[in-house]
């Protein structure tokens, strides 16, 4: 059997490549997409937007499934506009995975390398190496119908990566998973993307997926980019109502020990999940309860002294931007804000019940 190259083997010419440089212009009836995307090797970019915004169209253009009406598409300095989809160095993980039902997990992963001209033995050895890396070696002979959702997702990812793409496209890769499986697979996917040396573009509706998996968010509405930047920056300063609702989370990173996560910068947060090691903690602004005086007898295990930095109207609620022991956002009704006499500079106590936090591996 021919020895398969290691899944993360380095191409000696790769240092000279430039990543993704694209302006995607598509005219389809009354809809026009005009989106500029750039990303360096190693970057993970998440495309976000409401239904009909154009993000899936953008992904299909990158894959070669929809032609450009204008603009350009270059990957590592090579124009791709006239390159057939099957000839592009692009891997795709579809929302429903689209595994071949009649093939085993091993042969599903080997399919791409076989299409690239590798021999059967070499392709299967490469596929076996990827399944081992994904923790699926014992499922190599299983057909897709015998795999769990999380296992199928990892097979689909291995199949996409086995061709050593220079651009990895992920279309709602976690949407088909139940909540419990999604937690585990999200953490695994984050680790694999961190090791991926080329460009990855992710389409998702889930703000947690985007904020955990991506280095940069690109928010598209009506075919145009309305905001882009680091997840934390967009979460702090949303520029449209859609973005404000999308990233309406308080998100922190720290080190977990049991039911407590000690933040990298700030206090500890009590959670219901029991974890160990690097972890994220998230909770929505609606989970925060504010008091003017330190509460006594409160059941919440998380209590921080804060100060009101600003107030904004979000729909029928008031969002309070708080600084202090733990910078966070809190949503409350206009009546509650009036009763608390909230104004910039006012001291408050913020509480969040452990049951309303969400902790998961980083």
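Tabulated results
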read-out: Residue 331 in a strand (DSSP E or B) and modelled with pLDDT of 90 or more; value: yes
read-out: Pick from the range 114-127, criterion modelled with pLDDT of 90 or more and buried (at least 18 other Cβ atoms within 10 Å of the Cβ), ranking: nearest to residue 159 (Cα to Cα); value: 127
read-out: Any hit, the range 316-327, residues being exposed (fewer than 14 other Cβ atoms within 10 Å of the Cβ) and more than 23 Å from residue 268 (Cα to Cα); value: yes
read-out: Test: residue in the range 222-240 that is under 30 Å from residue 114 (Cα atoms) and without any contact (Cβ under 8 Å) to a residue 24 or more places away in the chain; value: no
read-out: Single unsatisfied condition, residue 269 versus (1) on the phi > 0 side of the Ramachandran plot; (2) touching a residue at least 60 places away in the same chain (Cβ under 8 Å); (3) outside the structural domain of residue 155 (by TED's automatic domain parsing); value: (1)
read-out: Enumeration of residues in the range 103-122 that are in a helix (DSSP H, G or I) and either free of Cβ contacts under 8 Å to residues at least 24 places away in the same chain or in contact with a strand residue (DSSP E or B) (Cβ under 9 Å, 6 or more places away or on another chain) (or both); value: 107, 112, 114, 120
read-out: Qualifying residue in the range 242-258 (condition: under 12 Å from residue 354 (Cα atoms), at pLDDT 85 or above and under 23 Å from the mean Cα position of the chain (by Cα)); value: no
read-out: Conditions (1) over 25 Å from residue 56 (Cβ atoms); (2) part of a strand (DSSP E or B); number of the one not met by residue 218; value: (1)
read-out: Residue in the range 173-182 that is under 30 Å from residue 78 (Cα atoms) and at pLDDT below 90 present; value: yes
read-out: Members of the range 137-158 that are touching a helix residue (DSSP H, G or I) at 6+ places or on another chain (Cβ under 6 Å) and over 18 Å from residue 94 (Cα atoms); value: 137, 139, 140, 142
read-out: Matching option when the condition is over 30 Å from residue 341 (Cβ atoms) and touching a strand residue (DSSP E or B) at 6+ places or on another chain (Cβ under 9 Å), among 207, 238; value: 207
read-out: Some residue of the range 176-193 being assigned by TED's automatic domain parsing to the domain that holds residue 76, free of Cβ contacts under 8 Å to residues at least 12 places away in the same chain and closer than 20 Å to residue 104 by Cα; value: no
read-out: Residue tally, condition assigned to a strand (DSSP E or B) and surrounded by 14 or more Cβ atoms within 10 Å (Cβ to Cβ), over the range 258-299; value: 19
read-out: Looking only at the range 54-96, and only at residues there that are buried (at least 22 other Cβ atoms within 10 Å of the Cβ) and assigned to a loop (DSSP other than H, G, I, E, B), the one that is nearest to the chain's Cα centre (by Cα); value: 54
read-out: Hits in the range 134-146 (condition: assigned to a helix (DSSP H, G or I) and buried (at least 18 other Cβ atoms within 10 Å of the Cβ)); value: 139, 144
read-out: Residue within the range 40-49 that is outside any strand (DSSP E or B), more than 27 Å from residue 157 (Cβ to Cβ) and modelled with pLDDT of 90 or more present; value: no
read-out: Any hit, the range 234-243, residues being assigned to a strand (DSSP E or B), surrounded by 21 or more Cβ atoms within 10 Å (Cβ to Cβ) and assigned by TED's automatic domain parsing to the domain that holds residue 172; value: no
read-out: Residue within the range 153-166 that is farther than 24 Å from residue 203 by Cα and part of a helix (DSSP H, G or I) present; value: no
read-out: The listed residue being closer than 16 Å to residue 160 by Cβ and within 24 Å of the chain's Cα centre (by Cα), out of 126, 99; value: 99
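One line per residue, one yes/no per condition, for (1) on the phi < 0 side of the Ramachandran plot; (2) at pLDDT below 95:
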{"site": "8", "(1), (2)": "yes, yes"}
{"site": "13", "(1), (2)": "yes, yes"}
{"site": "20", "(1), (2)": "yes, no"}
{"site": "25", "(1), (2)": "yes, no"}
{"site": "87", "(1), (2)": "yes, yes"}
{"site": "91", "(1), (2)": "yes, yes"}
{"site": "97", "(1), (2)": "no, yes"}
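The values are calculated or read from the model by the stated rules, or taken from the named source; none is laboratory data. Keep in mind that this is a model prediction, so the values were computed, not measured. Please note: Cβ atoms are built from the backbone with ideal geometry, for glycine as well, and neighbour counts cover all protein chains shown.
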